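One structure below.
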Amino acid sequence: MKNIYVTSPLLPPLEEFVPYLEQIWQNKNLTNGGSFHQQLEAELARYLGVKHVCLFANGTLALLTALQALRVTGEVITTPYSFVATSHTLLWNGLTPVFADIDPLTYNINPDRVEELITPNTTAIMPVHCYGIPCDVERIQKIADIYGLKVIYDAAHAFGVKHQGSSILNHGDLSVLSFHATKVFNTFEGGAIICHNERTKQRIDYLKNFGFAGETTVVAAGINGKMNEVQAAFGLLQLQYIDSAFEKRAALDNHYRALLAEIPGVHVLTVPEDTEWNRAYFPIRVDNTYPVSRDELYNTLKKHGIMTRRYFYPLISNFPMYRGLPSSSLTSLPQANQVAEEILCLPIYPDLDFITQEKIVAIIKAPVEFSTVSLDEAS
Ligand SMILES: *Cc1c(COP(=O)(O)O)cnc(C)c1O
């Protein structure tokens, strides 16, 4: 059996991409806000139901620039339960991440913990809509309003997610998307900042182009964060396939939920009410009533060619390079630590089929039995 990875990129038929490339070769406009770039910004804004989209070469550059755009300083309260890029961008901006514990049901930052960690140096909150599940946006905004803090959502997982009928990206001051190959919507590499007014978009557009506001005017120490025309063209094509990809993901998600129901010690993600979710990931939690440990299950699946991922393990705050932060940054994080020990993301992507899912779940149902099957028998 071929290895099954946790994800596989959405790739439209190659021949449909060729005309886009021909157009780029013809007009020789490769980057710097070309026509595909402009068109993708407009089409994404319409598709997602947001005011303004600022495209970037990748999500990490978009996060870095979002912090610059809002002139964030001092301490930023964030979640330890995320991909390292979230807090790396704080360090790259000379900011101090302060880690708040998470909610054990949504795996998102717990607003109660956020409030406890605010100091006179706190200027912003950077939550993550983990796995595309919405944060408690109302409570986070309330706290931000009371204490005068900015809110930047790392929405790398949240493409297409709606909360109470409107895009989750309309919350906070800014939201940042990633279009990396592993995400639900990809442009090979890519990302975007979502903002709510023309002036902020203008500032972000300057910042992503070295700070140029005109041929001879530089208004800030900007960076080169621009998305190129090949990426943007691919995004336009990809957008035509995204709804069918979401439908396939929904069917796969339902199938997993049916197959995994009532396996002792295995828990699936609860989707909050009033949420239109994108099924970006399929995380399960393996608690201490399950016959083997999470890592043993991970290794058994791997032996059978099923490459699951421990997203997110280790916790960001447990990486050695984060250990040097002031003790005020490394608060007690019991929930996040426990989830990181129990989480396992199963394969989910549009081309996955029900039969493969059934094979995966058969192993999860009998982890001890399958752990002794030799590699030959398994192949
Ligand atoms: C993927 C990801 C990023 C980084 O995005 P890139 O486009 O890969 O730079 C940031 N935060 C989270 C939570 C992610 O999953």
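Listed values, structure above:
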read-out: Residue identified as open to solvent by 10 Å² or more (accessible area, probe 1.4 Å), within 30 Å of residue 342 (Cβ to Cβ) and either within 16 Å of the ligand (Cβ to nearest atom) or in the same structural domain as residue 171 (by TED's automatic domain parsing) (or both) among 117, 64, 30; value: 117
read-out: Counted residues, the range 91-135 - those being in a loop (DSSP other than H, G, I, E, B), touching a strand residue (DSSP E or B) at 6+ places or on another chain (Cβ under 6 Å), more than 26 Å from residue 282 (Cβ to Cβ) and among the hydrophobic types (A, V, I, L, M, F, W, C); value: 1
read-out: Among residues of the range 271-320, those that are open to solvent by less than 50 Å² (accessible area, probe 1.4 Å) and in contact (Cβ under 8 Å) with a residue 60 or more places away in the chain, counted; value: 24
read-out: Residue list for the range 171-182, restricted to those being buried (at least 24 other Cβ atoms within 10 Å of the Cβ) and either under 13 Å from the mean Cα position of the chain (by Cα) or within 13 Å of the ligand (Cβ to nearest atom) (or both); value: 175, 176, 177, 178, 179
read-out: Positions within the range 130-170 being of a type in the set (Phe, Trp, Tyr) and more than 16 Å from the ligand (Cβ to nearest atom), in sequence order; value: 147
read-out: Residue list for the range 54-90, filter: aromatic (Phe, Trp, Tyr) and outside any loop (DSSP other than H, G, I, E, B); value: 56
read-out: Residue list for the range 183-202, restricted to those being surrounded by 22 or more Cβ atoms within 10 Å (Cβ to Cβ) and either away from the ligand (no atom under 16 Å from the Cβ) or more than 16 Å from the chain's Cα centre (by Cα) (or both); value: 195
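The values are calculated or read from the model by the stated rules, or taken from the named source; none is laboratory data. Fair warning: this is a prediction, and the values are worked out from it, not measured in the lab. Heads up, the Cβs are rebuilt from the backbone with ideal geometry, glycines too, and the neighbour counts pull from every protein chain shown. Just so you know, the surface numbers come from the protein's heavy atoms only, side chains and all, with ligands and any DNA or RNA stripped out. Shrake-Rupley method; radii C 1.70, N 1.55, O 1.52, S 1.80 Å.
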